[in-house]
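*Asks:* Here it is: the structure, laid out below.
The values are calculated or read from the model by the stated rules, or taken from the named source; none is laboratory data. As the structure is a computational prediction, the values presented were derived from the model and not from experiment. Methodologically, a virtual Cβ is constructed for each residue, glycine included, from the backbone with ideal geometry; neighbour enumeration extends over all protein chains shown. All accessible areas refer to the heavy atoms of the entire protein, side chains included, with ligands and DNA or RNA removed. Shrake-Rupley method; radii C 1.70, N 1.55, O 1.52, S 1.80 Å.
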Amino acid sequence: MNEVMKALTDDEVTAVGVYGMGGVGKTTMVKHVVAHARKSGIFDCVIMGVVSQSPDYRKIQGTLADLLGVTLGAETEIGRAAGLSKEMKRRNKILIILDDIWGRTELSKIGIPSYKELQKCKSKVLLTTRIRNVCHVMECQEKITLNVLSKEDSWTLFVRIARRSFESTTFDGIAKKVAGECRGLPIALIAVARALGDKELVEWKRAAQRLEKSQSANPDDYGEASECIKLSYDYLKDEDYKSFFLLCCLFPEDHEINIEDLFRYAIGKGLFQDAETMDEVRGTADSVVKYLKNSCLLLESECIGCVKMHDVVRDTAIQIAQSEHGFLVRAGCGLKDWPRQLHEGYSAVSLMHNHLTKLPEKFICPELQILLLNNNWCIDTWIPISETFFQTPNELRVLDLSWNKILLLPQSLCLLTDLRALYLDGCSNLDTSMIGKLKKLEILSMRHSNLKELSREIGDLTNLKMLDLSGTTFRTILSKGIISKLHNLEELYMNLFWNWGEVEGDREETNVGFDEVTSLSNLRVLDVRFSDAACIPKNVEFNSNWVKFDIYVGRRDSRETIEAAIRSGHKSIVLRLDTISGLPDWFCNAVMNITERLQWEGCRRLIDIFVESEHERLHGLKLLYIIGPIRRYKLMNPTTWVPKKPVLEKLEELRLDIVDCQELCILELPPGSLFNLKLLRVNYCYNWGNVLLPSTLLQRIPNLEELHFLLMEEIESVFGYEASFVPEQSNLRKIELCTLGTIRSICDGPATPAMFQNLHSLSIRFCKLQGSLFTCDVAQCLFQLEYIDLYGCIFLERIVEASNKKIILPKLKELILSGLPMLHYESASFDIECPSLENLRVTECPMFLASSLDFHSRKQVQFKRYVAVSKTYLICHINLVVHLLTKNQLTSTKC
């Protein structure tokens, strides 16, 4: 409500969009906005029309006209629209609410003037939708999401609608369990509360059991929530989108659904047949996930690469899948026995994440396409899979037996002649010879399986497109010739296989060589490791079609810290080598040339990477992370080499750890070098100089947006300017400085305000800045600054230098001041206005006694002041006392 009202009172905003899942309360909330707007007098008139999936423009026009108190005499829609538009432009301060929009709607067809014309009349449009993209196509300046209710608010609403008190603790507990199953969705809470309101305890218990099984709470519950969500499902016009959505309900309730697993199930089921390659299918699947999230049918997850499904949405999906497509979903229900109701008509069965202690001798289900038995740890430990389990022919395309204790696959597995995807993740010591008989198999996943050997029969899977052995170790051998037979292979993951081309033990067989991988003409995605550069063959004829690769070259005993940003499934390489020169020319030309992300451990100085870049081996690089050896080496003077061509032209992120960086600041790099750099992160590097960003470096990196410096020595200031250098407006948006023990100021001379005009976030921790953080001239240019965090800067006295000028930080939302013993507040000179301030936190700043009122915020400020003495605070004070004593600025009494 507050966000909507704020947008409606903003003169710059004409169109506001409110979006959220079906039944979350968008229309109800908007009606409250209407009442509030009328009461407060923001608008002279409020009119509202429902658009729906199939807009009836004539009906919408009539509704709006009635609310305006006018009669539309024209018969045609165009004529009525013209009359309505004329009436709206004649008036001022009208709020036009368009409820339940499903796609781009021409407002002129209804008779609503353009946004420019509405702005002249001080009128606005407020629309509601389930689809976030609708807010975009309708050109809403403000997009506001409406989420489900909190646990406390859900219970309050539930009790109010049920209109009863729950007299006993037992009844109260059952009622809260029922309310909890609605997961904060208002329409579900209301429907269930109304259906059960006057029922006895026994009915409530039955309702709780039914809801746990994704059934309606009570026969009196007419399924308003399900109908509401089914409407969103029906709007998915593409059948593949609907099928993909229904795959999500196969996972347990509240499960973090891995998008990659969804994609692989979709491949096995045969979705997205128009795509030519698996990577194209993956791209399509990502687009579908994004569309479903924007349609509020899927939720964001805190886990990277995952999504979640709201319980009420999942219940509806299960009902649709069960009634229309023959799904049986009992995932994560604690099942111990095979479901009795499992009959021959099912097309998909999910019994994943249970405790099954018994499997049938024969599984008769001829129409079955998907069978998910993964994460039933009792299988094959206590209950082996019967040899006749798959004896009856069926149409099975996806079989998941992952994370069970399977030691032996049943002989009847070879009867699954239509199987496209087989998952055996986490199944150790498995004999894989039988898998070779599944000739139509396209995906074979054996992630994190401790295999003795990958059988030669795997080479018979000529239709295989994906072989995933990531996290799988081979304790004996992966025989030569297996991989090269998989002519249709598009994706190969072998990131724990090291011994390419080596002979194991007393056996005559040789391990697979990397030349077999390069011979696969259809390969597009690769994830492999090499113990050293010698494992890469010297001479190979290779034309790369790789769109993604993750290659790791180096010793196994090296440091295992790898940046997540590097190993992210794009064109990335991790090198744990002293030099790149040991890599074969074909590898450098075909792979290094197109590498986008490189982590190089062992590189001692930046000049080495500049040399490689000039040789055009790294011209596609976008992210570079260099980690030098802990020991510092005495190196040759870098000025002996001068590049003749621009280096690292496309580089966007540069991260440096323990590297000699002398040449970065002093080398005369050709124009264009580092031109696209957006992020610079430097940690514990040396020979940098006493200025973090001298003018020579600033001139080279005009597009820099983020700056992070940690644990640097000899640094005295952040920016340095020569007299002849006048920087243009900077793109710098974020600055983080931490533990710079010798730093004294932001700039080593007169600060240039242009450098800070786009700054959004500033964090300075444990730095010895002295005096004032900003001069008045700089502070007056901080138009975009939203966040300031100052911590442990024991000599900092002021945020802005004392003057008679008023300082306004218009967008500052959060100010954190911690462990700043010398930071003081003087009412006479403290004139800083922060009209957007929302959070103010002051900790262990004994001389800074300003309150939230001193910042003149127009918003309600959350102000927290902590006075407890912490270890950090004591250390800061001890350092300060020592400093003042050495300067003779502190008397013994004060000490």
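*Asks:* Counting other Cβ atoms within 10 Å, which GluC sites (Glu not before Pro) in segment 295-360 have at most 16 and lie in a DSSP loop?
*Replies:* Values: sites: E300, E302, E324, E344; in loops: E302, E344.
Here the sparse-neighbourhood loop sites are E302, E344.
*Asks:* With the cut-off at 11 Å, report for segment 68-114 the share of all Cα pairs above it, as a whole percent. List each step's numbers first, then the result.
*Replies:* Details: 760 of 1081 pairs.
Result: 70 percent of Cα pairs exceed 11 Å.
*Asks:* Antiparallel DSSP bridges in the chain: what percent, to the nearest 5? Could you put the intermediate results ahead of the total?
*Replies:* Values: 6 of 133 bridges.
Among the beta bridges of the chain, antiparallel pairing accounts for roughly 5 percent.
*Asks:* Over all distinct alpha-carbon pairs, what is the Kirkwood Rh of segment 771-814 in angstrom?
*Replies:* Details: mean 1/r = 0.0889 Å⁻¹.
It works out to 11.3 Å.
*Asks:* Another question about this same structure. Taking H placed 1.01 Å from N in the peptide plane, check which residues at least 5 places from T432 or on another chain put their amide H under 5 Å from its amide H.
*Replies:* Residues meeting the amide H criterion: S455.
*Asks:* Next question. Can you tell me the relative contact order of segment 580-719? Whole percent, Cα pairs under 8 Å, sequence separation 6 or more. Can you show the working numbers first?
*Replies:* Working: 273 pairs, mean separation 27.9, N = 140.
RCO, segment 580-719: 20 percent.
*Asks:* Any idea what log10 I(q)/I(0) is at q = 0.12, 0.16, 0.26 Å⁻¹ for segment 143-206, Debye with uniform C-alpha scatterers and no solvent?
*Replies:* Per q value, in the given order, log10 I(q)/I(0) is -0.28, -0.47, -1.14.
*Asks:* Still on this structure: 222 nm [θ] for the chain, helices only, -39500 (n - 2.57) per DSSP H run of 4+, per residue, to 500? The partial results should precede the final answer.
*Replies:* Values: 23 runs with 226 residues, N = 895.
Roughly -7500 deg cm²/dmol at 222 nm, from the helical runs in the chain.
*Asks:* Across segment 357-364, in residue order, what do the Karplus-derived ³J(HN,Hα) couplings come to in whole Hz, using 6.51 cos²θ - 1.76 cosθ + 1.60 with θ = phi - 60° and x for Gly and Pro?
*Replies:* Result, ordered by residue: 10, 7, 10, x, 5, 10, 10, 9 Hz.
*Asks:* If the only charges are +1 at each Lys and Arg Cβ and -1 at each Asp and Glu Cβ, what is the size of the charge dipole of segment 112-166 around the Cα centre, to the nearest 20 debye?
*Replies:* On the way: 11 positive and 5 negative charges, 34 e Å.
The dipole magnitude comes to about 160 debye.
*Asks:* Separate question: Would you calculate the convex hull of the Cα atoms in segment 73-143 and tell me its volume per residue in Å³?
*Replies:* 87
*Asks:* Something else now. Could you do me a favour and compute the accessible area per residue for the chain, 1.4 Å probe, result in Å²? Don't skip to the end; give the middle numbers.
*Replies:* Numbers: 40490 Å² over 895 residues.
Accessible area per residue, the chain: 45 Å².
*Asks:* Also, quick follow-up: In Å, the Kirkwood hydrodynamic radius of segment 228-380 over pairs of distinct alpha carbons?
*Replies:* On the way: mean 1/r = 0.0620 Å⁻¹.
When all Cα pairs of segment 228-380 are included, the Kirkwood radius is 16.1 Å.
*Asks:* Reported to two decimal places, what Rg/Rh ratio describes segment 10-55 when computed on Cα atoms with Rh from the Kirkwood expression? Please list the in-between numbers first.
*Replies:* Values: Rg = 12.4 Å, Rh = 12.5 Å.
My calculation of the ratio gives 0.99.
*Asks:* Remind me, relative contact order of the chain in percent, using alpha carbon pairs under 8 angstrom and six or more residues apart? All intermediate terms of the calculation are to be shown ahead of the outcome.
*Replies:* Numbers: 1971 pairs, mean separation 36.3, N = 895.
For the chain, the relative contact order is 4 percent.
*Asks:* If amide H atoms are built 1.01 Å from N in the plane of the peptide, which residues on other chains or at least 5 residues away come under 5 Å of the amide H of V574?
*Replies:* I551, Y552, V553, Q599
*Asks:* Run the quick spin-label model on N429 and E280: label points 7 Å from Cα toward the beta carbon, then report their separation in nm to one decimal.
*Replies:* So the label points at N429 and E280 sit 4.5 nm apart.
*Asks:* Between E253 and residues 5 or more places away or on another chain, which pairs have amide H atoms under 5 Å apart, with H built 1.01 Å from N, and which residues are they?
*Replies:* none
*Asks:* To continue, here is another question. Taking θ as phi - 60°, what are the ³J(HN,Hα) couplings along segment 78-95 by the Karplus curve (6.51, -1.76, 1.60), each to the nearest whole Hz, with x for Gly and Pro?
*Replies:* Result, ordered by residue: 5, x, 5, 4, 5, x, 5, 5, 4, 5, 5, 6, 6, 9, 10, 6, 9, 9 Hz.
*Asks:* Taking θ = phi - 60°, what integer Hz values does the Karplus form 6.51 cos²θ - 1.76 cosθ + 1.60 yield along segment 588-599, in sequence order, with x for Gly and Pro?
*Replies:* Here the 3J(HN,Hα) series is 5, 6, 8, 10, 4, 5, 9, 5, 9, 9, 10, 10 Hz.
*Asks:* Here's another thing I want to ask about it. Mean separation of Cα pairs under 8 Å and 6+ residues apart, divided by the residue count of segment 1-80: what relative contact order is that in percent?
*Replies:* Taking the mean separation of contacting Cα pairs over the length of segment 1-80, I get 19 percent.
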